[in-house]
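Structure first, commentary second.
The values are calculated or read from the model by the stated rules, or taken from the named source; none is laboratory data. Predicted model only: the values in this text are computed from it and were never measured. Using ideal geometry, Cβ is built from the backbone for each residue, glycine included, and neighbour counts are taken over all protein chains shown.
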Amino acid sequence: MKKTIIIQNSSLRISSRRMIFVFVILLFVSQSILHAEIQNGSFEFDGHLRNYMVYLPTNYTGSTNFPLVICLHPYDRTAEWMMIYTNFNQVADAYDFIVVYPSGIPNWNSGIGDLPGYTTPNVDDVGFINALIDIMINSYGINPERIYACGYSNGGCMSYKLACQLSNRIAAIASVGSAFSPSTAESCSPLYTIPVLNIYGTADPYVTINVVDETLSYWINFNDCVQIDTATLPDLDPTDGCTVEKITYTDCSDNSNVVYYKVINGGHTWPGADPIPAFGNTNQDIDASVEIWNFFKDYKLVIPSLIDFNGNGICDINDLVVMIENWETSESRCDIGPMPRGDGIVDKKDLEVFMSYWGQVIDVAAYYKLDETEGTIVYDSINNIKAQLYGDPVWRPTDGMVNGALMLDGIDDFVGTWDIPGLSDGDFSVFLWIKGGNPGQVVVSEYQGVNWLMADETQGYLKTDLTCTMGRSAGQSLVSEVTITDGQWHRIGLTWDGTNRVLYVDDVVAASDTQASLERSGMGLNIGCGPDETSGTFFSGLIDDVRIYNRAITP
């Protein structure tokens, strides 16, 4: 595979947690010039040179884990035309996501070639988009759980085709002025439910409303949606000749809602864009690009825990061994394909689903690799939940247990995260590597809460103060008899599955008990000091590879 990228500019992103963090950022930004960039790329796929344009928003640094929107152009138009017409770049600047505008050759093989008057190439455009996703992840550090696709006209038809064939990679899709093509309607068989947004003008001269209704009916049924709500949106521009009705289908499986913006008397156009009179009315009451992003931002690709057969938090060789051991049996935990219910036998279909998640960390709320080499921002590799360095920690790029690590001085150095979704209630796990420390020092605490992982005050044993506030065990810390302050590398962890509170040292259970609940505030975490950042609680030593899960894992 050959790739050519032309870099035109550079960019910068900084984020914040507390007032001192905000001050640092404002000081930094005042001395920096922020600017966006457009890059052109190409690579050979399936015997064809395939082209694409990438828009990197103002706040992109090259290290951040940004979402990706794949924006697909219509019939007889280009990627550049789509970029200008939709004005998606401005939305990307406002909400911090990357947009890629791929090119058809010259049109998308979406299935509309079945219809008279349309010529489409016999190429594997789904495979091209799949390969492009890999390139975007590898080249730009895209968050693989937050990849979305949208399109206009034939590009919208292509978005539906991607929903049918790449639901294991795309978290949600949106379509403007389009519907299923006949061949896509006949062959659609997604691995997963997928959220769908459709925008359609009832006076569209090219796409009939009955085909749109049939397309929406498919997704409403496939996603098992049971609730419908209808609202008439304000007519903000009475001169545009059309109004908008928003129909929302909710209570769907996996929260995969279906939303329909029905533009009454609207044409074959993109709401909010410059009018194209030959295509009918262009609604100005909504901006399709903004509405699409507002829909996308609430979704991420959920990698089911059932992919992780041995419960160690990653899809790896250990899980593959389990699948092989159960090959051609009816073992339910390995019967994962086709998703979501399997077909009663462990076979090639299950292996295909499994391999699509190879190497991925499962159900991670945040993952701080601590492999940076400079700066005061700590980047999350999963959900873009950044953290800030306080004090004067030192990056140690070659001294970690897993690549680099962060050295804390035990005086005032620590890492402060912003709120991490899912940690305020429900099952969870926290694991990280440490080397050093002294008795009484804290490794992980909840800001203005309690100590989650620390060395006890006398022996340096691993300990947690995270407990329930009611019942017989209220307020009781859990203390192991395993020392973690001996100057050696140790992987320490805390998990809670709704009943069992477990401490781990080097992936072995060090202590456990039962807790009916664990009181958490959701205020973010301090890594390397106590909840109030008081003297004596600061950790002195190396910290590496911090993983925070939204479930209890077994290392």
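Values for this structure:
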quantity: Helices (runs of 4 or more DSSP H) completely within the stretch 146-256 that count 1 or more residues being closer than 30 Å to residue 363 by Cβ; calculated: 154-165, 209-222
quantity: Test: residue in the stretch 137-150 that is under 25 Å from residue 343 (Cα atoms) and surrounded by 19 or more Cβ atoms within 10 Å (Cβ to Cβ); calculated: no
quantity: One residue from 107, 89 being within 30 Å of residue 380 (Cα to Cα), in the same structural domain as residue 248 (by TED's automatic domain parsing), free of Cβ contacts under 8 Å to residues at least 60 places away in the same chain and polar (S, T, N, Q); calculated: 89
quantity: Counted residues, the stretch 276-326 - those being over 27 Å from the mean Cα position of the chain (by Cα) and more than 29 Å from residue 354 (Cα to Cα); calculated: 10
quantity: Among (1) surrounded by 13 or more Cβ atoms within 10 Å (Cβ to Cβ); (2) more than 29 Å from residue 190 (Cβ to Cβ); (3) among the small types (Gly, Ala, Ser) - the single one residue 256 does not satisfy; calculated: (2)
quantity: Residue in the stretch 212-223 that is of a type outside the set (Val, Ile, Thr) and within 20 Å of residue 297 (Cβ to Cβ) present; calculated: yes
quantity: Filter result (within 26 Å of the chain's Cα centre (by Cα) and either of a type in the set (Phe, Trp, Tyr) or modelled with pLDDT under 95 (or both)) within the stretch 198-222; calculated: 218, 219, 222
quantity: Among the candidates 347, 413, 392, 363, residue that is modelled with pLDDT under 95, more than 25 Å from residue 147 (Cβ to Cβ) and among the charged types (D, E, K, R); calculated: 347
quantity: Selection from the stretch 319-332 of residues that are surrounded by 14 or more Cβ atoms within 10 Å (Cβ to Cβ) and of a type outside the set (A, V, I, L, M); calculated: 319, 326, 327, 331
quantity: Selection count, the stretch 384-428, where residues are buried (at least 20 other Cβ atoms within 10 Å of the Cβ) and β-branched (Val, Ile, Thr); calculated: 4
quantity: In the stretch 282-298, the residues that are surrounded by fewer than 22 Cβ atoms within 10 Å (Cβ to Cβ) and not in a helix (DSSP H, G or I); calculated: 284, 285, 286, 287, 297, 298
quantity: Count of residues meeting criterion [assigned to a loop (DSSP other than H, G, I, E, B), under 24 Å from residue 363 (Cα atoms) and either of a type in the set (Lys, Arg) or out of contact with any helix residue (DSSP H, G or I) (no Cβ under 8 Å at 6 or more places or on another chain) (or both)] in the stretch 119-145; calculated: 3
quantity: 2 or more residues at pLDDT below 50 and more than 28 Å from residue 416 (Cβ to Cβ): qualifying strands (runs of 3 or more DSSP E) within the stretch 1-118; calculated: 3-6
quantity: Test result for residue 276, over 22 Å from residue 69 (Cα atoms) and exposed (fewer than 15 other Cβ atoms within 10 Å of the Cβ); calculated: yes
quantity: Filtered residues of the stretch 521-555 (kept if of a type in the set (D, E, K, R) and either surrounded by fewer than 18 Cβ atoms within 10 Å (Cβ to Cβ) or modelled with pLDDT of 90 or more (or both)); calculated: 532, 533, 544, 545, 547
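A quick yes/no check of all residues on (1) free of Cβ contacts under 8 Å to residues at least 40 places away in the same chain; (2) of a type outside the set (Asp, Glu); (3) closer than 17 Å to residue 546 by Cα:
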{"site": "418", "(1), (2), (3)": "no, yes, yes"}
{"site": "424", "(1), (2), (3)": "no, yes, no"}
{"site": "434", "(1), (2), (3)": "no, yes, yes"}
{"site": "443", "(1), (2), (3)": "no, yes, yes"}
{"site": "447", "(1), (2), (3)": "no, yes, yes"}
{"site": "458", "(1), (2), (3)": "yes, yes, no"}
{"site": "495", "(1), (2), (3)": "no, yes, yes"}
{"site": "498", "(1), (2), (3)": "no, yes, no"}
{"site": "521", "(1), (2), (3)": "no, yes, no"}
